[in-house]
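S.K.: First the structure, which I've put down as structure tokens, then a few questions once you've had a look.
The values are calculated or read from the model by the stated rules, or taken from the named source; none is laboratory data. This one's a predicted model, so the numbers in the text were calculated from it and none came from an experiment. FYI the Cβ positions are ideal-geometry reconstructions off the backbone, even for glycines, and counts take in every protein chain you see. Note: accessible area is taken over every heavy atom of the protein model, side chains too, but ligands, DNA and RNA are not part of it. Shrake-Rupley method; radii C 1.70, N 1.55, O 1.52, S 1.80 Å.
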Amino acid sequence: MPATAFPAAPAWSRRSFLTCSLALAAASPGPALAAAPRTPVLVLNSQSGSVSVIDPSRWVEERRIATGREPHHLYMTPDEKSVIVANAGSDSLTFIDPRSAQVQRQITGILDPYHLRFSPDMRWFVTAANRLNHIDLYHWDGTNPTLVQRIPTGRTPSHLWIDAASTTVWSSMQDSDELVAIDLASQRLSDRVPTGSTPADVFGTPDGRHLLVGLTGGSGVQVFEIAAGQPARAVGQIATGKGAHAFRALGDGRHVLVSNRVANTISQIDCSTLRAVAEFPAPSGPDCMDVSRDGALIMVGSRWAGRLTLIDVARRAVLTQVKVGKSPHGVWTLDHAART
């Protein structure tokens, strides 16, 4: 079956973007938002080696937590008692309490943890070594990771996804334009398929039938059909915007957001139709996101501006921005919408 170009919803008008720009300019520095999280918002600053702690009642940066060098991504432990910051340049993990925003501990000897993920069955902790070209599989005992297997992958493993059955790890390969699969039962690389230009984040649709891959070197999201025991098969592309990069589920079990770092927008994709159905302005290189528990507020790192940007989902408008550190990458709060 030939690849299909999945259509996008109509583009926003120039007038809509002007309206949002005016909303940003008029926004107060600390709006009281009904959708605001109740727990601290953590923003990971890759070039500052820190995490900004944001008070969501006032939307101000309260303080910064020193981490290791080059923290790029962060992830919650299965018991939701810690947020793990992966410090790629320091070969370490920093554990932070998501309620008090206090550092709990640090683990060293984790080589180049660029991206990280837990398997849904809680047995595996997986890291992608972006500069060292391997993926590490760790056994997770509820407290500490123990290395089980180091798997050479080729050039530049980037973002990870693990299927709902905890059988397969998928990883994008940003410099060789590939998607690889690792079988968790055998701890072996089981599949390798070509992708479009500079693949980044990977997201599995709620029905388990497709993988979405953001093409940072292109203008959309590539769609792969997956089935148990079968190689992934490219079946089309969803037009979003230039520099499609990071995904975040909206929390309704149907829609996922993707940040378009070059286009300075965020696209909303309907996973049941594989169409882009809405677009939001997101200035200055939008990257990783989080969504408030009620799905009404998008919090996204604007990497080129050193800001956390807040976006009203219903109005499709930027509300305000919060100054943080250099190159804000990850965003996380305990008071979040469902991740799938």
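S.K.: Give the range 328-340 a look and list any residue that's part of a strand (DSSP E or B) and open to solvent by 10 Å² or more (accessible area, probe 1.4 Å), or say none.
M.R.: Of everything in the range 328-340, those that are part of a strand (DSSP E or B) and open to solvent by 10 Å² or more (accessible area, probe 1.4 Å) turn out to be Trp332, His336.
S.K.: Could you go through the range 122-139 and let me know if any residue there is more than 21 Å from Ser190 (Cβ to Cβ), free of Cβ contacts under 8 Å to residues at least 40 places away in the same chain and assigned to a strand (DSSP E or B).
M.R.: no
S.K.: Given the condition within 18 Å of the chain's Cα centre (by Cα) and not charged (D, E, K, R), answer yes or no: does some residue in the range 98-105 qualify?
M.R.: yes
S.K.: Suppose the filter is part of a loop (DSSP other than H, G, I, E, B) and on the phi > 0 side of the Ramachandran plot; does Ser272 pass it?
M.R.: no
Let's see how each residue does on (1) among the hydroxyl-bearing types (Ser, Thr, Tyr); (2) within 20 Å of Gly243 (Cα to Cα); (3) touching a strand residue (DSSP E or B) at 6+ places or on another chain (Cβ under 6 Å):
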{"residue": "Arg117", "(1), (2), (3)": "no, no, yes"}
{"residue": "Pro120", "(1), (2), (3)": "no, no, no"}
{"residue": "Phe125", "(1), (2), (3)": "no, no, yes"}
{"residue": "Pro157", "(1), (2), (3)": "no, yes, yes"}
{"residue": "Ala164", "(1), (2), (3)": "no, no, no"}
{"residue": "Asp183", "(1), (2), (3)": "no, no, yes"}
{"residue": "Ala200", "(1), (2), (3)": "no, yes, yes"}
{"residue": "Arg209", "(1), (2), (3)": "no, no, no"}
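S.K.: Can you say whether Ala314 is in a loop (DSSP other than H, G, I, E, B), free of Cβ contacts under 8 Å to residues at least 40 places away in the same chain and closer than 16 Å to Ile54 by Cβ, as far as the supplied structure shows?
M.R.: Answer is no for this residue.
S.K.: Looking at the range 323-331, can you tell me whether even one residue there is modelled with pLDDT of 95 or more, more than 28 Å from Ser82 (Cβ to Cβ) and of a type outside the set (Gly, Ala, Ser)?
M.R.: No; the residues of the range 323-331 include none that is modelled with pLDDT of 95 or more, more than 28 Å from Ser82 (Cβ to Cβ) and of a type outside the set (Gly, Ala, Ser).
S.K.: Scan the range 120-132 and give yes if some residue there is more than 17 Å from Tyr75 (Cβ to Cβ) and either in contact with an Asp or Glu (Cβ under 7 Å, 6 or more places away or on another chain) or open to solvent by 40 Å² or more (accessible area, probe 1.4 Å) (or both), otherwise no.
M.R.: Checking the range 120-132: at least one residue is more than 17 Å from Tyr75 (Cβ to Cβ) and either in contact with an Asp or Glu (Cβ under 7 Å, 6 or more places away or on another chain) or open to solvent by 40 Å² or more (accessible area, probe 1.4 Å) (or both).
S.K.: Hey, another quick one. Among the residues of the range 36-48, how many are over 18 Å from the mean Cα position of the chain (by Cα) and surrounded by fewer than 20 Cβ atoms within 10 Å (Cβ to Cβ)?
M.R.: 3
S.K.: Scan the range 246-268 residue by residue and report those that are under 16 Å from Thr205 (Cα atoms), open to solvent by less than 60 Å² (accessible area, probe 1.4 Å) and not hydroxyl-bearing (Ser, Thr, Tyr).
M.R.: Selection gives Ala246, Phe247, Arg248, Ala249, Leu250, Gly251, Gly253, His255, Val256, Leu257, Val258, Gln268.
S.K.: Take the range 74-89 and flag every residue that is touching a residue at least 40 places away in the same chain (Cβ under 8 Å) and open to solvent by 40 Å² or more (accessible area, probe 1.4 Å).
M.R.: Answer for the range 74-89, where residues must be touching a residue at least 40 places away in the same chain (Cβ under 8 Å) and open to solvent by 40 Å² or more (accessible area, probe 1.4 Å): Tyr75, Pro78, Asp79, Glu80.
S.K.: Give the number of residues within the range 23-55 that are in a loop (DSSP other than H, G, I, E, B) and either closer than 27 Å to Leu116 by Cα or modelled with pLDDT of 95 or more (or both).
M.R.: Number of matching residues: 9.
S.K.: Say we look at the range 146-171 and pick out the residues that are aliphatic (A, V, I, L, M) and in a strand (DSSP E or B); which of these is most open to solvent (accessible area, probe 1.4 Å)?
M.R.: Leu147
S.K.: Evaluate the range 133-142: report whether one residue or more is open to solvent by 40 Å² or more (accessible area, probe 1.4 Å), under 21 Å from the mean Cα position of the chain (by Cα) and either farther than 22 Å from Thr333 by Cα or modelled with pLDDT under 95 (or both).
M.R.: Within the range 133-142 (the criterion being open to solvent by 40 Å² or more (accessible area, probe 1.4 Å), under 21 Å from the mean Cα position of the chain (by Cα) and either farther than 22 Å from Thr333 by Cα or modelled with pLDDT under 95 (or both)), the answer is yes, since at least one residue qualifies.
S.K.: Filter the range 228-255 down to residues that are closer than 18 Å to Thr195 by Cβ and of a type in the set (A, V, I, L, M, F, W, C) and give me whichever is modelled with the lowest pLDDT.
M.R.: Looking at the filtered set, the residue picked out is Ala232.
S.K.: Next question, about the same structure. Could you grab me the full set of residues in the range 76-96 that are farther than 18 Å from Trp140 by Cβ and either out of contact with any strand residue (DSSP E or B) (no Cβ under 8 Å at 6 or more places or on another chain) or part of a loop (DSSP other than H, G, I, E, B) (or both)?
M.R.: Those that are farther than 18 Å from Trp140 by Cβ and either out of contact with any strand residue (DSSP E or B) (no Cβ under 8 Å at 6 or more places or on another chain) or part of a loop (DSSP other than H, G, I, E, B) (or both): Ala88, Gly89, Ser90, Asp91.
S.K.: Quick one: which of Arg99, Arg105, Arg58, Arg69 is exposed (fewer than 15 other Cβ atoms within 10 Å of the Cβ) and assigned to a strand (DSSP E or B)?
M.R.: Arg105
Okay, residues lined up against (1) of a type outside the set (Asp, Glu); (2) under 19 Å from Thr240 (Cβ atoms); (3) buried (at least 18 other Cβ atoms within 10 Å of the Cβ):
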site	(1), (2), (3)
Leu274	yes, yes, yes
Phe280	yes, yes, yes
Met289	yes, yes, yes
Met299	yes, no, yes
Arg303	yes, yes, yes
Val313	yes, yes, yes
Gln321	yes, no, yes
Lys326	yes, no, no
